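These notes are about the structure you will find just below.
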Amino acid sequence: MNWISNYVRPTINSLFSRREVPDNLWSKCKECGTMLFHRELTENLNVCTSCDHHMAMTPRERFANLFDGGIFSEISVPTPIADPLTFKDQKKYPDRMKTAQKTTGEAEAMLVAKGDMGRTPVVAAAQDFSFMGGSMGMYVGNAIIAAAQEAVKTKRPLILFSAAGGARMQEGILSLMQMPRTTVAVQMLKEAGLPYIVVLTHPTTGGVTASYAMLGDVHIAEPNALICFAGPRVIAQTIGEKLPEGFQRAEYLLDHGMLDRVTHRKNMREELITVTRMLLGLSPAIKGDLPAPVEKAKKPKPDPEK
Amino acid sequence: MNNYLEFEKPLAEIEGKAEELRAMARANEEMDIEKEAAALDKKAEALLKELYENLTPWRKCQIARHPDRPHCKDYIETLFTEYTPLAGDRNFADDHAVMGGLARIGGTPVVIIGHEKGHNTKTRIERNFGMARPEGYRKAIRLMELADKFGLPIISLVDTAGAYPGKGAEERGQSEAIARSTEKCLQVKVPFISVIIGEGGSGGAVAFATADRVVMLEHSTYAVISPEGCASILWKDAEKMREAAEALRLTAQDLEKLGVADRVLPEPLGGAQRDRAGTMASVGKEIETLLKELKQKKPDQLRKERRQKYLDIGAKGLAA
């Protein structure tokens with residue numbers, strides 16, 4: 001803690017690192033180790049161009065690729081009481097929250113929006129694994145309830161992208177109570193006769209899987225996504241034996257009847273449009289690139305898909 | 001009393017001594033030990049009071065798991081008449097970790113569902129230590145449907161460390177089974193009372209405890225994760241369970257403040273294990289009172305209020 005370590009060393013380091021490739025231009029695939037050029041990876045929807053590994057996607061990236069012309073409007077989520085238990089482990093919960101908000105630039109672990117998807121009006125919610133492991137607390141519960149209420153109000157289907165390590169322990173029992181709370185939200189949709197489609201992405205575990213993620217009309221997962229209640233490590237410990245290859249991965253769940261489909265990310269949007277339109281009794285979607293929805297395209301925007 | 005908890009060791013010593021004295025006196029009639037034994041009794045009682053007046057959350061967890069506490073089976077045998085177990089999920093198997101069937105309480109026919117942990121090695125293994133597999137939750141769903149169809153109130157007795165984390169359980173859809181069971185709890189239009197008699201372990205408990213009224217015994221717990229599990233994740237040290245138990249706010253008293261428990265039933269001094277009959281009787285009385293209250297409500301109203309209750313939970317934090 002002196003002048004040298006605080007000022008001189010960082011300055012020298014920054015002078016040198018400038019000559020190197022900035023971190024954000026290249027990322028390494030965790031699965032196969034290939035170095036991937038940032039733009040190429042984004043164009044490929046964060047799927048490794050060499051091994052097809054589906055990397056994490058933020059809710060904003062998802063929505064940009066889901067909605068026509070990348071246009072959507074956010075639905076506001078009621079802010080719950082902050083730190084209801086005044087929880088402290090090695091760090092205080094509010095401090096963990098601040099760090100997560102700073103690194104992600106998001107308020108919480110779920111984003112809700114509405115817009116058109118293949119000219120089909122939908123509400124979508126996406127969980128953000130980069131925000132405290134996507135964990136489900138009061139806010140995520142409120143987000144799903146807000147999404148369901150908006151869907152019922154505007155008679156739109158709800159498409160939910162799940163990604164979470166489970167419940168947010170820092171909210172104790174209140175995080176557990178999001179299981180019944182989000183179930184009530186799903187029931188609102190069901191009773192209104194609106195489709196509820198769950199896209200399970202890597203990873204979807206714990207209380208999230210054991211509530212809204214497993215109550216969809218249709219369950220579609222991304223390839224190789226880990227989907228489970230108890231994690232593989234816990235199970236291996238309990239039963240004291242090695243688990244089979246691919247255990248609790250999307251394909252394994254498909255084989256065991258827990259999913260309807262496992263779909264590559266590049267086909268996901270088309271498939272969601274097809275399924276949603278059939279469930280709603282609408283005519284087939286027009287294939288190919290679509291312009292942004294007319295009523296919202298006040299300023300003409302270039303089609304990002306071209 | 002056979003089983004003492006770790007923090008009860010000083011108590012075990014005193015009570016042991018008193019017991020020893022009395023045994024000696026029984027063998028040798030000339031000995032007059034009554035005065036001495038009575039003094040020890042008094043000392044033991046004072047200590048018991050002291051121990052149980054200021055229980056830490058971790059000690060409460062230990063009491064909630066006490067092997068001598070009355071379990072689901074004891075409650076069913078004591079409080080209910082004409083208990084008729086109904087088995088199986090009509091799909092794969094009958095899960096022995098979950099008891100369920102028809103029974104009467106105070107003359108009223110009800111559907112009863114509960115986790116049973118077992119009371120000795122043999123029954124514990126048979127009951128899988130009260131940790132249900134998907135079949136257990138699917139059996140519960142079936143029984144809740146039956147109750148709904150015939151307008152019978154549902155009573156659930158919750159006492160589980162959690163859903164069983166096994167290979168087969170995962171393969172057969174543990175998450176889906178729990179999700180559907182919770183969904184069914186929120187769907188039925190009959191009175192639904194849940195009593196947490198010991199441990200309310202995470203999703204495995206929610207699946208049965210999403211009810212119109214959730215009653216918790218004084219020393220029962222209800223948490224999103226076990227203190228040991230929480231400690232090993234957040235503290236990276238499973239030995240920090242005391243801190244985790246504190247932070248999680250899992251005691252019945254805190255849960256009442258948070259609006260998760262509707263009522264906390266007092267236990268006898270020294271916990272339910274010291275007066276099993278008394279504890280069970282007070283649970284029975286509470287169930288009957290609540291049944292009377294809930295029967296006044298119309299089916300649609302019951303469901304609507306149940307759903308609203310869960311939507312509202314947590315809005316005020318600990319100030320609720």
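Want the number for A:Glu251 to A:Asn44: 0.36 nm per residue separation, take away the alpha-carbon distance, what's left? Spell out each step's value before the answer.
Values: separation 207, 0.36 × 207 = 74.52 nm, distance 2.16 nm.
Residue separation times 0.36 nm, minus the Cα-Cα distance, leaves 72.4 nm.
Which whole-number percent is the relative contact order of the range B:179-303 (Cα, under 8 Å, 6+ apart)?
Working: 180 pairs, mean separation 32.9, N = 125.
Answer for the range B:179-303 is 26 percent.
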Exercise. What FRET efficiency would be calculated for the residue pair B:Gln301, A:Leu282, taking the C-beta separation as r and a Förster radius of 56 Å, to the nearest 0.05?
Worked result: 0.95
Problem set entry | In Hz, Karplus ³J(HN,Hα) per residue of the range B:103-111 (6.51, -1.76, 1.60; θ = phi - 60°; x = Gly, Pro) | 6, 10, 10, x, x, 7, x, 9, 9
For this session: Show that you can apply the helix-only estimate: for chain B, add -39,500 (n - 2.57) for every DSSP H stretch of four or more residues, divide by all residues, and state [θ] at 222 nm to the nearest 500.
Result: -14500 deg cm²/dmol
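For chain B, what is the charge dipole size about the Cα centre, in debye to the nearest 20, if Lys and Arg each add +1 at the Cβ and Asp and Glu each add -1 at the Cβ? All intermediate terms of the calculation are to be shown ahead of the outcome.
Numbers: 49 positive and 51 negative charges, 318 e Å.
Its charge dipole is roughly 1520 debye.
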Exercise. Which of A:Ser73, A:Ser283, A:Ser27 moves most in a GNM of chain A, Cα contacts under 10 Å?
Worked result: A:Ser283
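Considering only the protein assembly as shown, what is the antiparallel percent among its DSSP beta bridges, to the nearest 5? Don't jump to the answer; show the numbers that get you there.
On the way: 28 of 67 bridges.
Bridges in the protein assembly as shown that DSSP calls antiparallel: roughly 40 percent.
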Exercise. Restricting the count to DSSP beta bridges whose residues both fall in chain A, what percent are antiparallel, rounded to a multiple of 5?
Worked result: 45 percent
Exercise. Relative to the Cα centre, what is the charge dipole magnitude of the protein assembly as shown, using +1 at the beta carbon of each Lys and Arg, -1 at the beta carbon of each Asp and Glu, and rounding to the nearest 20 debye?
Worked result: 2080 debye
Exercise. Given a Förster distance of 45 angstrom, what is the FRET efficiency for B:Glu13 paired with A:Lys91, based on the Cβ-Cβ distance and rounded to 0.05?
Worked result: 0.65
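Can you list which of the trypsin sites (Lys or Arg not before Pro) found in the range A:87-119 are DSSP loop residues with at most 15 other C-beta atoms within 10 Å? Spell out each step's value before the answer.
Numbers: sites: A:Lys88, A:Lys91, A:Lys92, A:Arg96, A:Lys98, A:Lys102, A:Lys114, A:Arg119; in loops: A:Lys91, A:Arg119.
Loop-located and lightly packed - A:Lys91, A:Arg119.
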For this session: Round to the nearest 10 and give me the degree value, 0 to 90, for the angle of helix B:174-185's Cα axis relative to the longest principal axis of chain B.
Result: 80 degrees
Problem set entry | chain B: relative contact order as a whole-number percent, Cα under 8 Å and 6+ apart | 15 percent
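Name the longest site-free stretch of chain B, where the excluded sites are GluC sites (Glu not before Pro) in a DSSP loop with no more than 11 other beta-carbon atoms within 10 Å. Each step should come with its number before you reach the end.
Working: sites that count: B:Glu29, B:Glu30.
Answer - B:31-320.
So for chain B: antiparallel DSSP bridges make up what percent, rounded to the nearest 5?
Values: 12 of 32 bridges.
Taking every DSSP beta bridge with both residues in chain B, the antiparallel ones total about 40 percent.
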Exercise. Can you give the convex hull volume per residue for the Cα atoms of the protein assembly as shown, as a whole number of Å³?
Worked result: 202 Å³
Exercise. Gap in Å between the Cα centre of the range B:44-72 and the Cα centre of the range B:101-173?
Worked result: 26 Å
For this session: Would you mind listing how long the range A:102-228 runs along its three principal axes, going by Cα atoms, in whole Å with the largest first?
Result: 36, 29, 29
Exercise. Residue-wise, which Karplus ³J(HN,Hα) couplings in Hz belong to the range A:150-167, taking 6.51 cos²θ - 1.76 cosθ + 1.60, θ = phi - 60°, and x for glycine or proline?
Worked result: 5, 4, 5, 4, 9, 6, 10, x, 10, 10, 10, 9, 9, 6, 6, x, x, 7
Seminar exercise, completed: With R₀ set to 25 angstrom, the calculated FRET efficiency between the beta-carbons of B:Glu6 and B:Gln253, to the nearest 0.05, is 0.70
Problem set entry | Restraint check, A:Lys92/A:Lys114; B:Lys42/B:Lys257; B:Lys117/B:Lys167; A:Lys155/A:Lys266; B:Lys139/B:Lys189, Cα-Cα greater than 30 Å | A:Lys92/A:Lys114; B:Lys42/B:Lys257
Exercise. Chain A: longest stretch without exposed GluC sites (Glu not before Pro) (DSSP loop, at most 15 other Cβ within 10 Å), sites themselves excluded?
Worked result: A:32-240
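What is the range B:6-51's relative contact order, in percent, from Cα pairs under 8 angstrom and six or more apart in sequence?
Values: 25 pairs, mean separation 21.7, N = 46.
Over the range B:6-51, the number comes to 47 percent.
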Seminar exercise, completed: With label points set 7 Å from each Cα along the Cα-to-Cβ direction at A:Cys32 and B:Asp275, the distance between them in nm comes to 7.0 nm
Problem set entry | Cysteines, the protein assembly as shown, no other Cys beta-carbon under 4.7 Å | A:Cys228, B:Cys61, B:Cys72, B:Cys185, B:Cys230
For this session: Enter the angle in degrees (range 0 to 90, nearest 10) between the Cα long axis of helix B:9-27 and the first principal axis of the Cα atoms of chain B, meaning the one along which they spread out most.
Result: 60 degrees
Problem set entry | Full-extension gain in nm, B:Leu47 to B:Glu34, via 0.36 nm per residue minus C-alpha separation | 2.7 nm
For this session: Quick one: give the max-minus-min coordinate of the C-alpha atoms of the range B:61-319 along each principal axis, largest first, in Å.
Result: 50, 42, 37
Exercise. In the range B:49-155, which trypsin sites (Lys or Arg not before Pro) are in a loop and have at most 13 other Cβ atoms within 10 Å, using DSSP for the loop call?
Worked result: B:Arg90
Problem set entry | Label-point separation in nm, B:Asn54 to B:Ala315, each point 7 Å along Cα→Cβ | 3.8 nm
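Determine the calculated [θ] at 222 nm for chain A from helices alone, applying -39500 (n - 2.57) to every DSSP H run no shorter than 4 residues and normalising by the residue count; nearest 500 deg cm²/dmol. Show your work: numbers first, answer last.
Details: 11 runs with 104 residues, N = 306.
Counting only the DSSP helices, I get -10000 deg cm²/dmol.
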Exercise. Over its Cα atoms, what ratio of radius of gyration to 2.2 N^0.38 Å does chain A give?
Worked result: 1.07
For this session: For the protein assembly as shown, build the charge dipole from Cβ charges (+1 Lys, Arg; -1 Asp, Glu) around the Cα centre, then report which of B:His115, A:Leu259, B:Gly204 sits farthest towards its positive end.
Result: A:Leu259
Exercise. Which angle between 0 and 90 degrees, to the nearest 10, do you get for helix B:276-295 versus the longest principal axis of chain B when only C-alpha atoms count?
Worked result: 30 degrees
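Laboratory data are not the source of any read-out in this text; all were calculated from the coordinates shown. All values derive from a computational prediction rather than experimental measurement. No Cβ is skipped: glycine too gets one built from the backbone with ideal geometry, and neighbour counts run over all protein chains shown.
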